[in-house]
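Here the structure is laid out as structure tokens; the discussion comes afterwards.
The values are calculated or read from the model by the stated rules, or taken from the named source; none is laboratory data. These figures come from a predicted structure and were not determined experimentally. Positions of Cβ are backbone-derived with ideal geometry, glycine not excepted, and every protein chain shown enters the neighbour counts. Side chains are part of the model used for accessible areas, which takes the heavy atoms of the whole protein and leaves out ligands, DNA and RNA. Shrake-Rupley method; radii C 1.70, N 1.55, O 1.52, S 1.80 Å.
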Amino acid sequence: WLIGFQILLMQTVFYSGYVFVLLIADRVTASHANIVHQMFRYDYFNLHGTTGFVTCLAMFVSTILFVTFGLVYIIGRAKKCLDFVGTLFLIHLLICCFYYGFPARFLWWLVNATSMGAATLLSEFLCLRLELTEIPLSGVPVELSSVASQV
């Protein structure tokens, strides 16, 4: 149950962050695009106009900001980061396929693969740093803490 709940929570964090970044970016650029289309239609991933550029940038930024820190605080283990990011993007691919069809645009694959790689590497790095922090031994007598440090 725990893993299923964590996957559901990570999908929620990902899509909430993606919508948040798209709302801000669309407001700044005065784009009137449908946000659901921007999220799930591969033809919105292009560099020919402002909406396409915003869609690509929002995917990357939301993945870096929300997915990375979601993995650190929800999952917290470096060795699980690749599995959860891979699962997250596989579910996203399946939703995109059901919504509009199999993504046939190279830029969609490039942005998603880059976002997936960056989120994996950054979250693994942050989780490793968190795992390697020293655990303070407050309240332990001095003799025991000096013995523990020698072991």
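Hey, what's the chain come to in accessible area per residue, 1.4 Å probe, Å²?
It amounts to 61 Å² per residue over the chain.
I need the phi-derived Karplus couplings for segment 40-50: 6.51 cos²θ - 1.76 cosθ + 1.60, θ = phi - 60°, integer Hz, Gly and Pro marked x.
Listing the rounded values in order: 10, 9, 5, 6, 7, 8, 8, 10, 8, x, 5 Hz.
Less than 15 Å Cβ to Cβ from residue 83, Lys/Arg counted +1 and Asp/Glu -1: what total charge do the surrounding residues give?
Here the count lands on +2.
Please name which of 29, 135, 7 has its Cα lying farthest along the dipole of the chain towards the positive end, using unit charges on Cβ (Lys, Arg +1; Asp, Glu -1) and the Cα centre as origin.
Ranked along the dipole, the leading option is 29.
Tell me, what is the percent relative contact order of the chain, built from C-alpha pairs under 8 Å that lie six or more residues apart?
27
Quick one: pull the percent of accessible area on segment 51-139 belonging to carbon and sulfur, 1.4 Å probe, ligands and nucleic acids left out.
Ligands and nucleic acids excluded, carbon and sulfur reach 72 percent.
Suppose every Lys and Arg Cβ carries +1 and every Asp and Glu Cβ carries -1, with no other charges. What dipole size does the chain come out with about its Cα centre, to the nearest 20 debye?
Values: 7 positive and 7 negative charges, 69 e Å.
Computed about the Cα centre, the dipole is about 340 debye.
Report, in degrees rounded to the nearest 10, the 0 to 90 angle that the Cα long axis of helix 106-131 makes with the longest principal axis of the chain.
Taking Cα atoms only, the helix is inclined about 10 degrees.
Run the helix sum for the chain: -39,500 (n - 2.57) per DSSP H stretch of 4+ residues, divided by residue count, reported at 222 nm to the nearest 500 deg cm²/dmol.
Helix contribution divided over all residues of the chain: -22500 deg cm²/dmol.
Just one of [x] 1, 7, 12, 17, 17, 15, 12, 9, 6, 3, 1, 0; [y] 2, 10, 18, 22, 21, 14, 8, 4, 2, 0; [z] 2, 9, 17, 19, 15, 11, 8, 5, 4, 3, 3, 3, 2, 0 is P(r) over Cα pairs in 5 Å bins from 0, in percent calculated from these coordinates, so which is it?
Recomputing P(r) over Cα pairs in 5 Å bins from 0, in percent here picks out [z].
Under the definition of Cα pairs under 8 Å and six or more residues apart, what whole-number percent is the relative contact order of segment 1-68? Present the calculation step by step, with values, prior to reporting the outcome.
Values: 51 pairs, mean separation 26.6, N = 68.
Relative contact order comes out at 39 percent.
Hey, what do the phi angles of segment 85-91 turn into as Karplus ³J(HN,Hα) couplings, whole Hz, using 6.51/-1.76/1.60 and θ = phi - 60°, x for Gly and Pro?
Once θ is set to phi - 60°, the couplings for segment 85-91 become 5, x, 5, 4, 6, 5, 5 Hz.
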